[in-house]
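Here is the structure we will look at, set down as structure tokens.
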Amino acid sequence: MSDAETLTKAAVLILLGPPGAGKGTQARMLEEDFGLVQLSTGDLLRAAVAAGTEAGKRAKAVMEAGGLVSDDIVLAILKDRMAQPDVARGIILDGFPRTAGQAAALDALLAEAGQRVTAAISLEVDDEAMVGRVSGRYTCGTCGEGYHDEFKKPAVAGTCDKCGGTAFKRRADDNAETVRERLKAYHDQTAPLIAYYDKLGVLERIDAMGPIAQIRTGLGAIVNRVSA
Ligand SMILES: [Zn+2]
């Protein structure tokens, strides 16, 4: 795709968004559109442990002891990973940094390589609309087809459009209260990070309540602009 050609230097993107905002979907689209590679903390750790790198061995020891892998180990693993040729166009970080302290440590690491965060993109949601979206979900107990109390009801009430099944399931953690708690936890955790990147002048906000294709276009415009 021609979009990829417009990136003159490796992009370092940080995607921020609460559960249900479509972060995973949009990250995959950015991979497709720009040749970027999404790096999630979990995947990074697993790969480093499997590869038996120095940092991977340290991570493995900590995890086997039931501990939390420290920031410096995560950063060492990230540094190794960023030296590999498949990420030459840039990366999308997912799950790291989570705190302003980690963000500062990441900046120091990037500075060593003459790089910096290109953009921290916040997928902005309307909390109450999200509660409605997520908490109304249910699925067919037979074929797994997804439905929604408001947005996607079966044509015949109580009967699955796809398989005719009449048993439906709801996930216990999809109720309104749980969704509100998840959103609050996200905002509490992310607010310092948002403030950090805002101060650096690299914060971008995008409305994540619209159709997926529209968000994709908006994200693409941001990436083109910040990488130019
Ligand atoms: Zn069904």
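Only the coordinates and a few stated rules stand behind these numbers; no lab work does. Computed from a predicted structure; not experimentally measured. Cβ atoms come from the backbone with ideal geometry, glycine included; neighbour counts cover every protein chain shown.
If I build a Gaussian network model for the chain, linking alpha-carbon pairs within less than 10 angstrom, which residue out of A155, A120, A191 has the largest mean-square fluctuation?
The residue with the greatest mean-square fluctuation here is A155.
Return the loop-located chymotrypsin sites (Phe, Trp or Tyr not before Pro) in the range 132-188 (DSSP other than H, G, I, E, B) with at most 10 other Cβ atoms within 10 Å of their own Cβ; answer none if there are none.
When the chymotrypsin sites (Phe, Trp or Tyr not before Pro) of the range 132-188 are filtered for loop state and at most 10 Cβ neighbours within 10 Å, F151 remain.
What's the extension gain from K79 to A213 if we count 0.36 nm per residue and subtract their Cα-Cα distance?
45.0 nm
The chain: longest stretch without exposed trypsin sites (Lys or Arg not before Pro) (DSSP loop, at most 16 other Cβ within 10 Å), sites themselves excluded?
Counting only loop sites that pass the neighbour cut-off, the longest clear stretch is 10-88.
To test your reading of the geometry: what angle, between 0 and 90 degrees and rounded to tens, separates the Cα axis of helix 176-200 from the longest principal axis of the chain?
The angle comes out near 30 degrees.
Taking one equal scatterer on every alpha-carbon of the range 129-228, how large is log10 of I(q)/I(0) by Debye at q = 0.10, 0.12, 0.13, 0.15 1/Å?
-0.46, -0.62, -0.69, -0.82
Using only the Cα atoms of the chain, construct the convex hull and provide its projected area averaged over every direction, in square nanometres to one decimal. Kindly include the intermediate steps, with their values, before the conclusion.
Details: hull surface 59.2 nm².
In nm², the orientation-averaged hull projection of the chain is 14.8.
Given the options L123, L68, L203, which has the most mean-square fluctuation in a GNM of the chain, springs set between C-alpha atoms less than 10 angstrom apart?
L68
Kindly provide the helix-only [θ] at 222 nm of the chain, computed as the sum of -39,500 (n - 2.57) over DSSP H runs of four or more divided by all residues, to the nearest 500 deg cm²/dmol?
Computed ellipticity for the chain at 222 nm equals -15500 deg cm²/dmol.
Tell me the angle of helix 23-34 to the major Cα principal axis of the chain, expressed in degrees between 0 and 90 and rounded to the nearest ten.
Result, in degrees: 60.
Considering only D33, D126, D198, give the residue with the highest GNM mean-square fluctuation for the chain, with springs between Cα atoms whenever their separation is below 10 Å.
Maximum fluctuation in the GNM of the chain, among the listed residues, is at D126.
Mind checking the angle between helix 100-112 and the chain's longest principal axis? C-alpha axes, 0 to 90 degrees, to the nearest 10.
50
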